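Inspection log for the structure reproduced underneath, given as structure tokens.
The values are calculated or read from the model by the stated rules, or taken from the named source; none is laboratory data. Keep in mind it's a predicted model, so treat the numbers as computed, not measured. Every residue, glycine among them, receives a Cβ derived from its backbone with ideal geometry; neighbour counts consider all protein chains shown. Each accessible area value is taken on the protein alone, full model and side chains, heavy atoms only, with ligands, DNA and RNA left out. Shrake-Rupley method; radii C 1.70, N 1.55, O 1.52, S 1.80 Å.
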Amino acid sequence: MLKSIVLAVSFFFIGVSGDCHDSSSWYKTGEDWKTCEWVGEFKSARCNVKGTGDMYAFEMCGTACGSCDEECIDDPDWHKNGEPEKDCAWASRFTKRCTTIGADMRRGYEACRYACRTCDFDTTGESSSTAWTVTYRGARESCRAEVGAAISHCPDAFPEFETAVEDNPTCGFAAVGAGVGSLYTVMRLIDEGILEPSDVCLFEATERVGGRTYSLRYSDLNSKGSLVVDAGAYRTWPRFTPVTHAVITEYLGINVTCYDADEDPCERFIIVDGETGHNLGFTHYLEVMAERIISAGVRFFPWHHLKKIDHSDDLSLTLTFSNGATATVLPPAEEIGTTGGSLILNTPQRPLLDIFRASATSLGLTASDFDQAHAVGTAVVTKCYLYYERAWWIDLGLTSGDFSLSGDATNMQLQGRYHDGDIVCDDDDNCSGFLLATYSFDYGGVLAQYFRRFQRDRPEPVTIISSSTVEGEMFLQHAHDRLTEYHLYENPDPSYTPFEARQILENGDPPAFAILATWNTAVVGAGGGWHGYLNLDYVDTMPELLADKGIHIINEAFSKVQSWAEGSFQQADFVLENSYGIPRPWDFEGEEVPIHVAQTAAYTPEDCEADGGSSGGGSSGGGSSGGATTDDELSCFLGDTLITKILDDDSTVFVKLSQVKEGDKIVAAEGVPGIVTEVLIHPIFDTVSVAVYQSKYGEIVGTVSHPVLDSVKKEWIDFGHISNIEKRFVDQFYNLEIDGNSPGASSQHAYLLNDGLVASGLGDNVILNTRFPRQASWKRFAKEQAASE
């Protein structure tokens, strides 16, 4: 009989755990006068009451429930009344089970002090069960340890799933990482009758499912209703994520609604409750898949961070985890065959590299194999949500759209969306909720430089910054000041008057707290927000690198649709069809969009010669923004980009790039005038990769490789190095030839965009491009055109 295990976590629990006391802010749900003092008046009946933060009284009222002076051990004789097999180990798997009455009439939290966490934790203390030691808190417990009395600023507990209690399990099939790749693949294999659920082991490094899809729920934040924040992935976009959308809406039958209610027709979607329309959080669909397979019999092992794989000649595998546990994975079953395999690795690049390093000898990995594993880089992604008791942007009529204000190491960057954050309103239209103030990324971490000082030293992506602390108050006031600055002085097209904005913002309270999600190398099991290829030679080979050993790599990192869960889904469908003989349940082919990171080397003009218009740029350590290759070799911008036209009386006016005519005088580099000698229009009418730059007067959208002038270094760099890379539908691109008849003109053959960004305007002029090789792609373009004619 396998030994029972209580999943104990060193330094993990707070409240009465490690600091036994009565919480000053806990109260019974919906009855704020029923505090810990009330609990203590009749503890035998009231310690099992649930209250704020989805926490039980026995967790938050240590003194009142009489648990502070108890020895931190489990009673080996305690079990649920009438069911002797349901002991303290059983109780440990769900907090609710700790309220169960035992055969001796004691509740679980009274008899199972260690399992139910109702005592001071001492990592040297003895328990009746073996403990897997984990040296960090989860997101909720990290928050509660930092915010003091402001417990409402901490999210609800993550959904719990039945947890396996085997010490060293034997698995017929194993999946590592409770993310999209594992959950979907296992679900399909079970649904198709290939696997028996009880033969499957699912291992996860943290306490939750979802990976980089990370929903935080708040059920007791205010009296208006519950709220959700998606600190990771957050939406489907069927044009780019067709499989993800089909899994959610068709395979799982989950309801969705528009991500932006003002978008018509609706193209992007979030997950909602079909009856109430309430946002359920994007992790919901992964939780549905997890519940589906675990309730069917799949054995789930949280807090199991895989460190090493030992491979045997018979294709059996031994997995070793950082908590000291091991697992045996049997050779692939006969009905699966060796091509199918018996292990899925659904881990991002960095944890996968750790596994490779420890397993190199056993798996027979070569230098070439490691070269493939290093073929991608990770993006540093930052999301910052601010919670306002009064959602002032709604009062200003700002329900849709983006806003931006550049920042640096001392000033918070704004790059937000009015329609992203969840809000809830009362009958009088007084709204509370979250504003997405910043959503930025790059491959060098430059854009995160202000925020990273506030990220706690912990392996969770989320830090709660609360007004209950002095530092938090400082951060939140600064964030509010930056938003005030933008909406009073920097918004290029306000729908409100300055008086209205001043009344609301300057007289309103700053946010109560912030949710700072920093997806970087410190996050356990992630290593960053998403990935991009540094070497496209390995796009097809890396996912199947270990297939001959019965191991499949299914993840976003080495997929053909990076930065989306779509990549994992498409990779899973490929493996299911080609290795297990299970056809795709869809009648469409998903688009392949591998990202090529341009931030790989110091910039040189010759870099523009690379195929596909890609170029190097930035410094591998210095941190200019990375980019991806564009789908074409043009260097242009969208027609609504603004340039500064000089009128006959020498006054200036903004005009759209699409309105410029040959002969127009415009403001060029260094503020000098330049003459437009040709307007270039390139029809596209397709979805392509573009660089998106947030300027003072709105976004600039152009091709990734268009040269722009670095105002500090006075060097020409690719537009993609200072922009975010997105896929968008483009009808036409525009570019200008400036002073094409005057080589060496003071205009530098450039033009000013949106009153700040200097773009190269060499156009198609072959003579100028010969003199200025930074637009060498135009020479190839011209030669190809001439050859075709």
*Could you give the C-alpha radius of gyration of the stretch 366-418 expressed as a fraction of 2.2 N^0.38 Å, taking N as the number of residues it contains?*
1.94
_So for each of 494-502, 343-351 I average, over its residues, the number of other beta carbons within 10 Å; can you give me the resulting order with the highest mean first?_
343-351, 494-502
*So what's the stretch 663-702 giving for Cα Rg divided by 2.2 N^0.38 Å, two decimals?*
1.56
*asked:* Considering all alpha-carbon pairs of the stretch 265-360, what whole percent are spaced by more than 21 angstrom?
replied: 54 percent
*Would you mind putting 525-532, 666-673 in packing order, based on average other-beta-carbon counts within 10 Å, highest first?*
525-532, 666-673
_Run the simple label-point estimate for T410 and T276 please: 7 Å along Cα→C-beta, distance reported in nm._
4.6 nm
_Two decimals, Cα atoms only, Kirkwood Rh: what is Rg/Rh over the stretch 492-589?_
1.28
_Kirkwood-Stokes translational diffusion coefficient of the stretch 151-209, alpha-carbon pairs, 37 °C, 0.692 mPa s, µm²/s_ = 249 µm²/s
*With no solvent and one point per C-alpha, what does the Debye sum give as log10 I(q)/I(0) for the stretch 208-290 at q = 0.17, 0.19, 0.20 Å⁻¹?*
-0.69, -0.86, -0.94
*Please report, as a whole percent, how much of the solvent-accessible surface of the stretch 254-311 comes from carbon and sulfur atoms (probe radius 1.4 Å).*
45 percent
*Dividing the convex hull volume of the Cα atoms of the stretch 402-507 by its residue count, what figure in Å³ per residue is obtained?*
145 Å³
_Whole-Hz couplings from phi, Karplus 6.51/-1.76/1.60, listed for the stretch 425-430; x for Gly and Pro_ = 10, 8, 5, 9, 6, 8
*Of the heavy-atom accessible surface of the stretch 409-461 (probe 1.4 angstrom), what whole percent is carbon and sulfur?*
39 percent
*Report the label-to-label distance for N578 and D649 in nanometres (one decimal), using points 7 Å from each Cα along the Cα→Cβ vector.*
6.7 nm
*Could you please tell me the mean projected area of the C-alpha convex hull for the stretch 332-432, averaged over all directions and given in square nanometres to one decimal?*
13.6 nm²
*What's the center-to-center distance, using Cα atoms, between the stretch 211-249 and the stretch 453-511 in Å?*
23 Å
*At what distance in nm do the modelled label points of E473 and D77 sit from each other, each positioned 7 Å from its Cα along Cα→Cβ?*
5.4 nm
*Compute the length gained on full extension between A358 and T326: take 0.36 nm times their separation in residues and subtract their Cα-Cα distance, giving the result in nm to one decimal.*
10.1 nm
_Could you derive backbone 3J(HN,Hα) for the stretch 490-495 from the dihedral phi with the Karplus parameters 6.51, -1.76 and 1.60 (θ = phi - 60°), listing whole Hz in sequence and x where the residue is Gly or Pro?_
10, 5, x, 9, x, 9
